[in-house]
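Quick note: the coordinates plus some simple rules give every number you see, no bench work behind them. Since the model is a prediction, treat every value here as computed from it, not as a measurement. Glycine also receives a Cβ, built like all others from the backbone with ideal geometry; neighbour counts cover every protein chain displayed.
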Amino acid sequence: MDRFEARLGAGIRWFTVAAVALVLGLAAYALARGEAWTALGLVGGLGLLSLLSVRGYGVDGRYLHVLRPGWSTRVALDDLVEVEPAPDLIRRSWSLWSTRGLFGTVGVLHLRGGGRVRAYVTDPRATLLLRFRGGRQVAVSPVRPETFSAALTGSLAAPALEVPQSPRALPLRTVTPERHGRTAVRDVEDTGAATLKQNGGGGRGGSSAAPGEMQMTREPIPPPPPELRQIMEENR
């Protein structure tokens, strides 16, 4: 899996530091007043929000992995149709539900004139908008947007390998001795046996083929002669 780092933009970094300091200060003040549950709630809420933060991204086959602290979110890329830079996406949207600057902008946004966007953004200036068939949209902000876009398009351009559905679709070629010094080559398939014989020169069966000419006929496969059956049994 190709991994791409995600960093907090300067504005988001300072906002996060200030918000964390404020919450911890309020928790300490509540604890000093004997309000332990209030302090625990403030610290616990801050910890839960930190679990939503984005640490990076991974591209693995046809999936995008949004890497979080101890877990990840997987986004299928099968219906991806476009990747475009969108450095003003955060400014042109409003939150339906998101952290909106605390540890990044993670959540669901409404883009003015563009519908809903699932955001995993840590640096607004590096934002990429991924558009999918059906109107689905995802926003990310890797440190190297150009390399990330190339990895996405490269994974989708890789051709899928076709695997035969059944080994019976592959012909089995056998060579068995025939009487009168001729050799029969058979391609055995599901529908029967095709026999390719060399005409020995106006021989039996009234064949119209010239001497030495190859003639294709279709006939059932006879059982092998006793001599060949004995050789086959010895080679098992």
Checklist entry - What shape does segment 46-95 have by the C-alpha gyration tensor, where a ≥ b ≥ c are the square roots of the eigenvalues, rounded means a/c under 1.5, and otherwise prolate means a/b greater than b/c and oblate the rest? => result oblate
Checklist entry - What is the Rg over Rh value, at two decimals, for segment 6-79, using alpha-carbon atoms and the Kirkwood definition of Rh? => result 1.17
Item to check | For Phe148, Phe132, order by how many other beta-carbon atoms lie within 10 Å, fewest first | outcome: Phe132, Phe148
Item to check | Length-normalised contact order for segment 40-123 - Cα pairs under 8 Å, 6+ apart - percent | outcome: 21
